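Below is one structure; the comments refer to it alone.
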Amino acid sequence: MTTTLEKPTAASAISLADACELIWLEADLLDGRDYPAWLALWTEGGIYAIPTEPGATDLAASLNYAYDDAAMRAMRVERLTAGHAISSTPAAATVRTVSRFRVTAREADAIEVRCAEHVSEYKFERARFWAADVEYRLVRVDGVLKLDRKVVRLINAGDALAGLSYLL
């Protein structure tokens, strides 16, 4: 793990600014419920996870609210948009704020970034708020920056959480 924000070198073309731009784009697409565009942001092998335990490291062997590969992400989007799930009808209005970006690892064509996320949700005349530390692994594929891993570590993940009817 890096303790300072290192500048990208010629061998490491992904800057923190590039990473922030993609993370902000993702937040905007999710708030706008543009799920096809969100799906296109991912690598084929990418993993989206929301663990139930704050310190979980082996996410594949842990209990998660979500642990999605490409097929599961597509199925989750289908459930969110088809109008058949009571938890997603009507869709919640959300506004995400992502901040406090920090590079935690860097490779030639990859960067890992941790940031804070606050999601404000409004549904059924009720507002709720979610806060999380989010870990991203972003990789460059054919010159395009893509999401390869997103781990949403909710600060209250150990509580009974009801109504997560959208993507965090």
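The values are calculated or read from the model by the stated rules, or taken from the named source; none is laboratory data. Here the structure is a predicted model, which means the values were calculated and not measured. Here Cβ is always computed from backbone atoms with ideal geometry, including for glycine, and neighbour counts include all displayed protein chains.
Among residues of the stretch 120-159 being of a type in the set (Gly, Ala, Ser) and touching an Asp or Glu at 6+ places or on another chain (Cβ under 9 Å), the one that is farthest from Trp38 (Cα to Cα) is Gly158. Hey, does the stretch 9-26 have a residue that's in contact with a Lys or Arg (Cβ under 8 Å, 6 or more places away or on another chain), modelled with pLDDT under 95, among the hydrophobic types (A, V, I, L, M, F, W, C) and exposed (fewer than 14 other Cβ atoms within 10 Å of the Cβ)? No: zero hits. Restricting the stretch 132-168 to residues that are under 10 Å from the mean Cα position of the chain (by Cα) and at pLDDT below 90 leaves a set whose member that is nearest to Ala91 (Cα to Cα) is Leu167. If you go through the stretch 30-63 and keep only what is within 14 Å of the chain's Cα centre (by Cα) and part of a strand (DSSP E or B), you end up with Trp42, Thr43, Gly46, Ile47, Tyr48, Ala49, Ile50, Pro51.
A count restricted to the stretch 86-131 and to residues that are outside any strand (DSSP E or B) and at pLDDT 90 or above stands at 1.
For Ala37, the test of being among the small types (Gly, Ala, Ser), free of Cβ contacts under 8 Å to residues at least 24 places away in the same chain, exposed (fewer than 13 other Cβ atoms within 10 Å of the Cβ) and closer than 20 Å to Val139 by Cα is failed.
Look at (1) in a loop (DSSP other than H, G, I, E, B); (2) crowded, with 20+ Cβ neighbours inside 10 Å; (3) not hydroxyl-bearing (Ser, Thr, Tyr) and you find that Val151 fails only one, number (1).
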